[in-house]
Amino acid sequence: MYEYRAEVLRVLDGDTIYARVDLGLDVQTTLTLRLAGIDAPELPTVEGVAAKAHLAGLIGLPENSQVMIRTQKDKRERYGRYLATLIRADGLDINAQMITDGHAVAYDGHGPRVP
């Protein structure tokens, strides 16, 4: 696993963010990241809108946009996005919290997804 500091620039939906990732040595990149291990309802459903808002709240947007991301080297999903676990400064695993709070289900990349 690799761990990086990141600034969340935008929450795209309940399981996808756009972030500026600090790779170290003054090197940064912007990436679309898919939250690993979860699947949230799709936009524009009512549940999807709620999941997106809940994710933004867990991150702390708009006041705080800083998180740590944990990812596996070269681990991308079928749309080319890196899979990441978001960790808040207080240590909260945001991905797991989305499941606990009922805004996402556990998802391993196979089988049925949330509609």
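Remark: pairs (first residue in region 36-60, within 15 Å of Thr85 (Cβ to Cβ); second residue in a loop (DSSP other than H, G, I, E, B) and of a type in the set (Lys, Arg); Cβ separation under 8 Å; 6+ apart in sequence or on different chains) = Asp39/Arg113; Leu58/Arg88; Ile59/Arg88. A Cβ distance below 6 Å, combined with a sequence gap of six or more or placement on separate chains, defines the contacts here; from region 96-115, residues that are under 16 Å from Glu42 (Cα atoms) and aliphatic (A, V, I, L, M) reach residues that are at pLDDT below 95 and part of a loop (DSSP other than H, G, I, E, B) in the pairs Val105/Val114. Residue selection: Ile69 fails the criterion of being under 12 Å from the mean Cα position of the chain (by Cα) and surrounded by fewer than 20 Cβ atoms within 10 Å (Cβ to Cβ). Here region 35-66 is the region considered, the condition is being assigned to a helix (DSSP H, G or I) and not hydrophobic (A, V, I, L, M, F, W, C), and the residue that is surrounded by the fewest Cβ atoms within 10 Å (Cβ to Cβ) is Gly57. Can you pull out the residues in region 81-111 that are acidic (Asp, Glu) and assigned to a loop (DSSP other than H, G, I, E, B)? Selection gives Asp90, Asp101, Asp108.
Among residues of region 1-34 being over 20 Å from Gly60 (Cβ atoms), hydrophobic (A, V, I, L, M, F, W, C) and in a strand (DSSP E or B), the one that is nearest to the chain's Cα centre (by Cα) is Leu23.
Scanning region 91-115 for residues that are over 14 Å from the mean Cα position of the chain (by Cα) and either surrounded by 10 or more Cβ atoms within 10 Å (Cβ to Cβ) or at pLDDT 95 or above (or both) gives Gly91, Thr100, Asp101, Gly102, Gly109, Arg113, Val114. Annotation: of all residues in region 4-34 being of a type in the set (Ser, Thr, Tyr) and touching a residue at least 40 places away in the same chain (Cβ under 8 Å), the one that is surrounded by the fewest Cβ atoms within 10 Å (Cβ to Cβ) is Thr32. Any residue in region 72-87 that is of a type in the set (S, T, N, Q), closer than 17 Å to Tyr18 by Cα, at pLDDT below 95 and surrounded by fewer than 16 Cβ atoms within 10 Å (Cβ to Cβ)? No, region 72-87 has no match at all.
The values are calculated or read from the model by the stated rules, or taken from the named source; none is laboratory data. All figures in this text were calculated on a predicted structure; none of them were measured in a lab. As a convention, Cβ positions derive from the backbone with ideal geometry for all residues, glycine included, and neighbour counts pool all protein chains shown.
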